[in-house]
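Structure, as structure tokens:
The values are calculated or read from the model by the stated rules, or taken from the named source; none is laboratory data. Quick caveat, the model's predicted, so the values are computed rather than measured. So basically every Cβ, Gly included, is an ideal-geometry build from the backbone, and we count neighbours across all protein chains shown. Just the protein is used for accessible areas: all its heavy atoms, side chains included, with ligands, DNA and RNA removed. Shrake-Rupley method; radii C 1.70, N 1.55, O 1.52, S 1.80 Å.
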Amino acid sequence: GITAGALHSWGDALFGTGQYEDALDKLERAAALYREIGNRAALGTVYNSIGRLYRAHGRLDDALQWQLKALELHQTLGRSLEHMQSLNAVATVHQFMGNLTKAREYYERALALAEESSSPRIQNFLRANIANLNLGLGQFERAAATLEQVITAGTDAYPSLRYGQLSFAQLKLGRHQD
């Protein structure tokens, strides 16, 4: 388990530095070890990392396959944080694929779980993802209201991104001064 965890962390770090081939190798090795010891929660998290790697390469069908495998593991375990992570990952791939209705379905399922968990940071992260989806749908008023709520809460890890998204929504709404 310790070796698998180290490989997973190493793979994620390599992903972050753009060393995708080495990242995939480490993640596949971590997944094999987690399967061997039967750690389904950690295995699902590695599957999410592999899916993210495929998404970064534009291999969206492969990414979705990995994200759905992670979701299958996480929803059977009833582990809310991992379950939310997997729902969010599936939603993100659907959004990249242009399947916005499916993306909304998964984001909203993740948000419903987050609201049960009482984690404002996770709730606002998911709300911001839904707001971004609303931007793509041309629902600028709805997106702006949500982004203002997220920014005001002050718990989001990506405030500069949220301000950029809010500025875009305001521009589309003709609120140039805002």
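Before moving on, here are some points about what is shown:
- The overall shape of the range 50-98 is prolate: from the C-alpha gyration tensor, with semi-axes ordered a ≥ b ≥ c, the ratio a/c is 1.5 or greater and a/b exceeds b/c.
- Once the Cα gyration tensor of the range 103-143 is diagonalised, semi-axes √(5λ) in Å: 20, 10, 6
- For LYS102, the lysines whose Cα comes closer than 23 Å to its Cα, not counting residues fewer than 8 places off in the same chain, are LYS69.
- Relative contact order (%) - the range 40-115, alpha-carbon pairs under 8 angstrom, separation at least six: 28 percent
- The order of the peptides 15-27, 89-101 by mean Cβ neighbours within 10 Å, most packed first, is 89-101, 15-27.
- Based on DSSP H segments of at least four residues, each scored -39500 (n - 2.57), the chain has a per-residue ellipticity at 222 nm of -28000 deg cm²/dmol.
- Rounded if a/c under 1.5, otherwise prolate or oblate - the range 85-178, Cα gyration tensor axes: oblate
- Carbon plus sulfur fraction of accessible area for the range 3-138, probe 1.4 Å, in percent: 49 percent
- The range 34-76: translational diffusion in µm²/s, Stokes-Einstein, Kirkwood Rh over Cα pairs, 10 °C, 1.306 mPa s: 157 µm²/s
- Normalised by residue number, the volume inside the convex hull of the Cα atoms of the range 1-106 is 85 Å³ per residue.
- For the chain, the Cβ-based charge dipole about the Cα centre amounts to some 200 debye (Lys, Arg positive; Asp, Glu negative; other atoms uncharged).
- Percent RCO, i.e. relative contact order, over the range 1-153, from Cα pairs under 8 Å lying at least 6 residues apart: 13 percent
- Each principal axis of the chain carries a Cα extent, and these read 56, 34, 28 Å when sorted largest first.
- Accessible solvent surface per residue of the chain, calculated while the other protein chains remain in place, 1.4 angstrom probe, Å²: 52 Å²
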